[in-house]
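Notes for the one structure printed next.
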Amino acid sequence: MLEHFDKAFENRIRLQVMAILAANERYDFNALKELLEVTDGNLASHLKALEKAGYIEVIKAFVGRKTNTSYRATDQGKKAFAKHLETLAELIQNQKP
Amino acid sequence: MNHEQLQSELISIRHLMERSSKFISLNGLSGVLAGCYALVGAALGYREVYGFSSGVGYRDHYVNEAEVLVRVVGIALAVLALSIGTGVWLSVRKARRQGHRIWNVASRGLLKAMGIPLVTGGLLIVVQLVKGQYGFVAPACLVFYGLALVAAAQYTYRDVRGLGLLQIALGLLAAWLPGYGIVFWSLGFGVLHVLYGIVMYLKYDRRAA
């Protein structure tokens, strides 16, 4: 049954990132880091993977001289996430004792 | 994954979605206390304006006496400061207990959303006071505070939206019935805060406390 799950969401942090971006218009790197309590490198690699899958996109903006990197879920990403939640809910339904 | 694991996984995802976008450290008790401060403030303000000994239809003072006005505004500002102070303090406490951060995307969004209607309303009230037009001060307080709550509801518990709509309705009624400003003000900032505070405390805080 698990083969229906999206490979991109196999990792827990990736799934969590997707959940946050599905619930918000955009979210910046530092806010993601604080909320998920992960290291910079760890988070960056998962964001890269989601970006490669076409599920999120990067928005770079300047705040003064510093760059502020935030992320937004693409339509494709939102759909994939919704489908993943559905699959999860179905599994729960089917497994009901 | 077994049934329980799947279920807890789904719940944790939903919780994360809520936590990332909503300010859930708001404590119902702050509403109750803010309501109490407002009622005490309204009583003190009433005494300033109408005096002790007055019977029906007789006033010791009027709002347009400068000294009375200063004292009434002072009481209102004290109520405001106490309410905000209590709200922040209780929210910080709740956030700490739950291991959340107080300063996050949701709390920033909340303040930004409330900022515009509150500052606009505040300035409008200052203009009214300076120009000596006291009739619409209470309605303006209620209407702009209500608008701020409706805007804020997007970033916190949805119940706040209902509270905001009721404040707006009271404000409009107050504008319709001049002279009863203090009554509507007490109902809105006092009674409604206490009622909503109790409902929200029972709904969200009791199990967490």
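General observations
- Count - residues of segment A:69-97 that are more than 19 Å from B:His15 (Cα to Cα), within 13 Å of chain B (Cβ to nearest Cβ) and either polar (S, T, N, Q) or part of a strand (DSSP E or B) (or both): 5
- Among the conditions (1) over 30 Å from A:Leu32 (Cβ atoms); (2) in contact with a Lys or Arg (Cβ under 8 Å, 6 or more places away or on another chain); (3) at pLDDT 90 or above, the only one that B:Gly28 does not satisfy is (1).
- From the list B:Leu82, B:Leu44, the lone residue that is more than 14 Å from chain A (Cβ to nearest Cβ), at pLDDT 90 or above and more than 27 Å from B:Gly109 (Cβ to Cβ) is B:Leu44.
- Residue pairs meeting the criteria (Cβ under 8 Å; at least 6 apart or on separate chains; first within 17 Å of A:Phe9 (Cα to Cα), in segment B:1-19; second part of a loop (DSSP other than H, G, I, E, B) and not polar (S, T, N, Q)): B:Glu9/B:Met1
- Qualifying position, being outside any loop (DSSP other than H, G, I, E, B), under 18 Å from B:Arg97 (Cβ atoms) and either at the interface with chain A (Cβ under 10 Å from one of its Cβ atoms) or in contact with a Gly (Cβ under 8 Å, 6 or more places away or on another chain) (or both), among B:Glu4, B:Glu18: B:Glu18
- Restricting attention to segment B:14-36, the residues being touching a His at 6+ places or on another chain (Cβ under 9 Å) and either surrounded by fewer than 22 Cβ atoms within 10 Å (Cβ to Cβ) or among the hydrophobic types (A, V, I, L, M, F, W, C) (or both) number 6.
- Search result, residues across segment A:41-65 that are assigned to a helix (DSSP H, G or I) and within 15 Å of the chain's Cα centre (by Cα): A:Asn42, A:Leu43, A:Ala44, A:Ser45, A:His46, A:Leu47, A:Lys48, A:Ala49, A:Leu50, A:Glu51, A:Lys52
- In segment A:31-41, of all residues being at the interface with chain B (Cβ under 10 Å from one of its Cβ atoms) and touching a Ser or Thr at 6+ places or on another chain (Cβ under 9 Å), the one that is surrounded by the most Cβ atoms within 10 Å (Cβ to Cβ) corresponds to A:Leu32.
- Which listed residue, of A:Tyr55, A:Tyr27, is surrounded by 14 or more Cβ atoms within 10 Å (Cβ to Cβ), touching a residue at least 40 places away in the same chain (Cβ under 8 Å) and in contact with a Gly (Cβ under 8 Å, 6 or more places away or on another chain): A:Tyr55
- Among the residues listed as B:Val130, B:Val126, B:Val150, the single one being in contact with a Leu (Cβ under 7 Å, 6 or more places away or on another chain), in a helix (DSSP H, G or I), more than 21 Å from B:Cys36 (Cβ to Cβ) and aliphatic (A, V, I, L, M): B:Val150
The values are calculated or read from the model by the stated rules, or taken from the named source; none is laboratory data. As the structure is a prediction and not an experimental result, all values here were calculated from the model. Quick reminder, even Gly has a Cβ in these numbers, built from the backbone with ideal geometry, and neighbours come from all protein chains shown.
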